[in-house]
Amino acid sequence: MNIEEYIMTLTEQIQYKKVRLEVAQEIRNHIMDQTQAYEQNGIAHDKAVEMAVHEMGDPIEAGMALDRIHRPQFDWRLFVITVFFSVAGVFIMYATGVLGSESDQLLRQCAFTALGIGIIVLICFADYTFIGKYPLQIFIIMTAVFFIYQRTGREINGLRAPALRNLVYLYVPVYAGLLYKYRGKGIFKIAKPFVFLLLTAFLSQWLAASMYIGLGIGAICTFLFLYAALKGWFSVGMLKFGKNQITAPVLAVSVFILVTLVFVAYISCFAGDYQKLRLVAFLRPDAYADENYQIMATRRAIDGAQIFGESTQGTLLRQFVQQDTFLIFAQVVSMYGLIAGAAIITAFVSLAYRALHIVRRQKNQLGMILSAACFLLVLFNCTTGVLMNFGLLPIGSLQFPFLSRGGSATIMYAVIIGLLMSCKRYACTKLNHSE
């Protein structure tokens with residue numbers, strides 16, 4: 001059996017066709033290296049090739065072993081966690097009055113949940129590398145669609161197209177794709193992702209009409225930028241400022257300070273008066289009791305919470321969770337006790353831990369930055385949401401995973417979890433390893 005016959009027989013055993021060419025080249029290189037080693041010992045070329053091929057073992061058995069290694073893996077653990085938490089979330093929203101007393105709201109939320117699970121499966125089996133190949137095109141198309149939707153969408157409670165408050169979070173994985181696309185050496189390579197960082201934060205704030213969301217997405221994208229810089233994506237060791245060489249840590253710290261200053265300047269110059277008043281009211285709750293009524297009600301409900309059972313101040317929050325779900329955690333604690341809140345926090349921690357596990361398993365740069373983007377988004381919303389519900393952060397637009405009413409939040413988190421599962425599915429393959 002010659003080299004090509006051996007490789008053809010071996011690669012036919014590998015079901016995942018995308019890795020066949022890379023495996024074939026790897027096996028071919030290994031055989032040629034071994035052939036040269038035999039030839040250096042005085043063995044004729046044809047005999048050396050025969051011995052090198054024979055040394056590789058049975059091609060069918062070797063191919064089946066490689067198939068097990070490179071076969072895409074479905075993350076059943078994360079999928080089961082997602083389905084269980086999704087069902088539990090619908091039950092919690094119904095029990096706390098978020099879905100109201102009408103059965104059609106419950107049925108609609110169940111339909112959204114089922115749609116979200118379907119989206120997760122669909123994206124999981126898709127090739128996530130398209131985000132790294134076409135991030136700019138995706139960014140432009142998303143922005144155009146969001147702009148049209150903002151201008152033509154229906155108005156609810158004085159807010160045009162409120163679904164954008166959730167959908168703009170999808171900018172985060174797209175920004176991860178932009179970071180991957182623009183990695184390289186030179187100031188110009190660093191400037192592009194930095195400009196897109198600021199642009200993403202601004203568009204998110206403008207489209208969602210929420211300073212909280214804009215700053216949150218900006219913070220997540222900043223951490224992604226710093227992570228990429230520390231990983232050496234921009235070859236900053238080749239850059240110099242005067243006689244001093246710019247290292248990756250220096251660049252990361254500089255970018256962090258610069259972004260912070262930009263955000264502070266933006267808030268100072270462009271934030272609405274009510275947004276500035278909300279921040280001042282949070283810092284001085286006693287002096288601004290009327291403007292701070294939501295935080296005060298949340299703090300009283302938490303302070304009066306029992307280990308089990310309803311808080312003495314639990315009824316104060318019901319009017320808020322019926323309008324939106326950002327205070328649903330405090331409502332659960334006020335109705336069912338601290339033990340119920342601990343169970344929700346445990347669920348959030350398990351989801352974030354599973355996402356972090358996927359990040360750490362990545363063997364290629366795109367999978368690493370994309371899964372890190374999804375992990376940071378989940379971690380940010382869960383952490384800031386819990387702190388907000390304890391009255392430790394100003395009240396802002398926020399959607400918890402699995403505890404958010406409506407289709408847009410459900411779809412957004414379905415896309416994020418689907419991308420995480422897609423990254424995990426191809427983590428053990430040779431997909432996109434040669435970068």
Check your understanding: If you go through segment 37-51 one residue at a time, do you hit one that is farther than 30 Å from residue 417 by Cα, surrounded by 17 or more Cβ atoms within 10 Å (Cβ to Cβ) and among the hydrophobic types (A, V, I, L, M, F, W, C)?
Key -> yes
Review point. If a residue has to be out of contact with any Lys or Arg (no Cβ under 7 Å at 6 or more places or on another chain) and surrounded by fewer than 16 Cβ atoms within 10 Å (Cβ to Cβ) to count, how many in segment 1-36 make the cut?
Key: 17
**Study point:** Output for segment 390-429, where each listed residue is in contact with a Phe, Trp or Tyr (Cβ under 7 Å, 6 or more places away or on another chain), of a type in the set (Ser, Thr, Tyr) and open to solvent by 20 Å² or more (accessible area, probe 1.4 Å)
**Key:** 397, 410
Exercise for review: Return the total of residues in segment 91-120 being more than 16 Å from residue 409 (Cα to Cα) and open to solvent by 50 Å² or more (accessible area, probe 1.4 Å).
Suggested key: 7
**Study point:** Residue list for segment 135-148, restricted to those being touching a residue at least 12 places away in the same chain (Cβ under 8 Å) and either surrounded by fewer than 19 Cβ atoms within 10 Å (Cβ to Cβ) or basic (Lys, Arg) (or both)
**Key:** 136, 138, 142, 143, 147
**Study point:** Subset of segment 148-185 that is under 20 Å from residue 368 (Cβ atoms) and in a loop (DSSP other than H, G, I, E, B) - its residue that is modelled with the highest pLDDT
**Key:** 182
Review point. Of all residues in segment 66-90 being open to solvent by less than 30 Å² (accessible area, probe 1.4 Å) and over 17 Å from residue 347 (Cα atoms), which is modelled with the highest pLDDT?
Key: 75
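The values are calculated or read from the model by the stated rules, or taken from the named source; none is laboratory data. The shown structure was predicted, so the numbers you read here are calculated from the model rather than taken from an experiment. Neighbour counts run over all protein chains shown; Cβ positions are idealised from the backbone, glycine included. Please note that ligands, DNA and RNA were not included when accessible areas were found on the heavy atoms of the full protein model with its side chains. Shrake-Rupley method; radii C 1.70, N 1.55, O 1.52, S 1.80 Å.
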